[in-house]
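Remarks on the structure that follows.
The values are calculated or read from the model by the stated rules, or taken from the named source; none is laboratory data. In this text the structure is predicted, and so the values were computed from the model without any measurement. Heads up, the Cβs are rebuilt from the backbone with ideal geometry, glycines too, and the neighbour counts pull from every protein chain shown.
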């Protein structure tokens, strides 16, 4: 322990001297290692300050603690701030981390400078590579960008030939100015290149150092790299930085080592492999990951180079020998086949084998310590080598231990790949190594069939008993389109008429699966038939002819089958499809030669046009459904039954009417189809056509007009064409039907007539009133039940004067009805309930303020007993009108009631009321022994007074 005895007044001077070991970077730039020594001037005893500096330098912590106790006070024996600062500089030079921390805690300044060079503690720590001390000083707010007397920052001073990655990363993490230039214009990057620290160069470039800056000599960092012969290393690092700027994801960019490898810079690859940091992102806090990261970069670079070699091989380019050397270099740099990279390297071996690069496969298996059994779910290296027929690579992989028993996800082995491509030599090599069991036989044979490899099948036949699976393979043989394969199976025991798939024999497989345009279907069909295939159903549920028709094969195929004995009436499947029905439903309905030829060929071959399918449809039913006029004519000419009925009881005519097929209806009618035929609901063609939503009105009316005998046909529900027309308020149809003789008196099961339906519709549809008028003019009132008069009286109240006139002149009896359920809240105030319950036409006109209609009814004696002058009902009406201040109507009734009725009028009204309601009224009147003129009067055949239409609002429908 140093002697701490000292006397007051005997201080020594602190003299800083410099011992400089210079490393020339460029003229005017020096890195100085300052050594501060303390010595006494002609004195035997040192002052406390001198001893503190000495203690800091030699690392005497105990002495340092004692001396720091003299820090307080103003005497010459106290420790001054200058003593503390000088001690901190000495501790930093010597790398005394603990003493540096103690001095800073005691008040030493972290940004103090040496008096001559302006060096700070951080400069000294950075220059000497003391990372922990530098980190401590930065945490205590040391100025990271302070420069010394020569303009050097800590970042520039940190760079040296021994390497400076850690201190460099630390300073950058604390935001050191990366492009700071010293007095000679040199930057940290230029110095990193000068000292040839490649790790530092890469760190600075990837951190964004400006590559365009020049020093006072006009040199850039790259020009210095060129002078030193390391431009091949500098440029890939620069490219790596440029790639990172171009790609938004780091995974898309390449590392410098990958770039150098792809440029065939072997020496650069070696240099970069020896770098500490190879990963794109380098941060001080991630240093512990560098080993794993470097390994991943090596693997990625290896994959990139291998892909490049494989790509050149696939493009038939000359292979670059440098890349093979680079692969060896990377593999020799300590690459481990770890679990997380094994799949990548496995893929590399597979790519190499697939590209046929023997040397690359050998290098990977030998130097890379990669298993020759490398595989993915899809395939292995051995499989792809067998697939491309590279016997040399197959043997190489087998020698390195590749297992020919390995299976992919489809349970295929390498031998399967060899046979699927006809590589018999490869197959032999694999079979000598291992003969697969018979459970692989079917898979291998199927693939050989699918790839049309007869040589492979012969190979299998030499080593296995193919007869066991020949029938199973027939489908693949037929689908291959190669008759040689079919013949091979026939030679090995297959039966051409037995089923091989989906209960289909060979001929059905060809007809069901082939396209006439894309395969030689005709050739395969002829081969199969000539080899004994039956053209009619054998073991299968389907008929070859029906299958051919359902698949819409060319007429040549159909003709061939028919000419070789195919049964034109054989039902094709469990749905009972016949050849005719299959042709009609499958081929286009447009009039084309192909379609007509097929139909004609079937009919000439004896196809029965009346043969039914499971739904009891005949060919004619189906033609009607498709509106195929050409086929309908062909079938009619061939004797098709026009009255055949399907499962719904429809004849072709009825189906055509239901589907709205007008041309088919007229053709069938002209051909003699029964227009009286009805379906199970009693609907004839006229009714079905009227109900059809697809047939336009004109066509419907044309059909109605063409067969007037059917206009009164009723369905099981009592519907007639006229009732249907009224239900849809089709006024034109009503007009045509009435002209054709439709009976307006027909009643459906709901006791509705066409008139009653339109009357009910007139509440919501004003155009229905026109239909009402048409029907009344055809005496529809004579069959209108009395309870439907409510709607007529409502029309009277709505001032429908023409309707009122037609009521009188077309046979309706003046009748009182119970109108109470139809009265409105407004009209309820006008009359008492007793009047509403026994409402006459006259009362309806008065209640609706329709005086023109009321006068017309009175003048023509269209009255009920309730309308007689002096009746209680008239008095009740008059009083109600006066209460409601309806002066005009009340005045009208006063005038009417002021004139006594003649005996003739009273008698007429009495007799008229005795004749009852409208239905049967005319028959009852004609039986009365009265002159015809009086009978006509009771039936209101003539008018005493015409309707006044003046002032009536015109109705637009």
Looking at segment 674-685, which of its residues are surrounded by fewer than 14 Cβ atoms within 10 Å (Cβ to Cβ) and farther than 18 Å from residue 647 by Cα? 676
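For every residue, the table says whether it meets (1) modelled with pLDDT under 85; (2) surrounded by fewer than 23 Cβ atoms within 10 Å (Cβ to Cβ); (3) not in a helix (DSSP H, G or I).
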| residue | (1), (2), (3) |
| --- | --- |
| 633 | no, yes, no |
| 641 | no, yes, yes |
| 656 | no, no, no |
| 669 | no, yes, no |
| 672 | no, yes, yes |
| 687 | yes, no, no |
| 693 | yes, yes, yes |
Restricting attention to segment 541-552, the residues that are buried (at least 23 other Cβ atoms within 10 Å of the Cβ) and part of a loop (DSSP other than H, G, I, E, B) number exactly 1
Return the total of residues in segment 768-797 being surrounded by fewer than 19 Cβ atoms within 10 Å (Cβ to Cβ) and in a loop (DSSP other than H, G, I, E, B). 2
Residue selected from segment 235-267 under the condition assigned to a helix (DSSP H, G or I) and modelled with pLDDT under 75, by the criterion surrounded by the most Cβ atoms within 10 Å (Cβ to Cβ): 244
Where a residue in segment 877-893 is under 14 Å from residue 851 (Cβ atoms) and its partner, wherever it lies, is at pLDDT 80 or above and surrounded by fewer than 19 Cβ atoms within 10 Å (Cβ to Cβ), with Cβ under 6 Å and at least six apart: 892/851
Among residues of segment 95-139, those that are under 20 Å from residue 61 (Cα atoms), part of a loop (DSSP other than H, G, I, E, B) and in contact (Cβ under 8 Å) with a residue 40 or more places away in the chain, counted: 1
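Pick from 866, 844, 826, 852: which is farther than 27 Å from residue 728 by Cβ, assigned to a helix (DSSP H, G or I), more than 60 Å from the chain's Cα centre (by Cα) and modelled with pLDDT of 90 or more? Break it down into steps so the answer makes sense when it comes.
Numbers: 866 fails: modelled with pLDDT of 90 or more; 844 fails: modelled with pLDDT of 90 or more; 826 fails: modelled with pLDDT of 90 or more.
Of the residues listed, the single one that is farther than 27 Å from residue 728 by Cβ, assigned to a helix (DSSP H, G or I), more than 60 Å from the chain's Cα centre (by Cα) and modelled with pLDDT of 90 or more is 852.
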Please enumerate the residues belonging to segment 332-376 that are outside any helix (DSSP H, G or I), under 25 Å from residue 432 (Cα atoms), at pLDDT below 85 and out of contact with any strand residue (DSSP E or B) (no Cβ under 8 Å at 6 or more places or on another chain). 370, 371, 372, 375, 376
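From the set of residues in segment 753-767 that are in contact with a helix residue (DSSP H, G or I) (Cβ under 8 Å, 6 or more places away or on another chain) and surrounded by fewer than 20 Cβ atoms within 10 Å (Cβ to Cβ), which is nearest to residue 799 (Cα to Cα)? Show your work before the answer.
Filtering segment 753-767 for residues in contact with a helix residue (DSSP H, G or I) (Cβ under 8 Å, 6 or more places away or on another chain) gives 753-763, 767.
Remaining after also requiring surrounded by fewer than 20 Cβ atoms within 10 Å (Cβ to Cβ): 760, 763, 767.
Numbers: 760: 17, 763: 14, 767: 16 Å.
Looking at the filtered set, the residue picked out is 763.
Just the residues that are surrounded by fewer than 20 Cβ atoms within 10 Å (Cβ to Cβ) and over 26 Å from residue 185 (Cα atoms), please, taken from segment 136-154.
Answer for segment 136-154, where residues must be surrounded by fewer than 20 Cβ atoms within 10 Å (Cβ to Cβ) and over 26 Å from residue 185 (Cα atoms): 136, 139, 140, 141.
Looking at 418, 429, which one is under 16 Å from residue 394 (Cα atoms), surrounded by fewer than 24 Cβ atoms within 10 Å (Cβ to Cβ) and touching a helix residue (DSSP H, G or I) at 6+ places or on another chain (Cβ under 8 Å)?
Within the list 418, 429, the selection yields 429.
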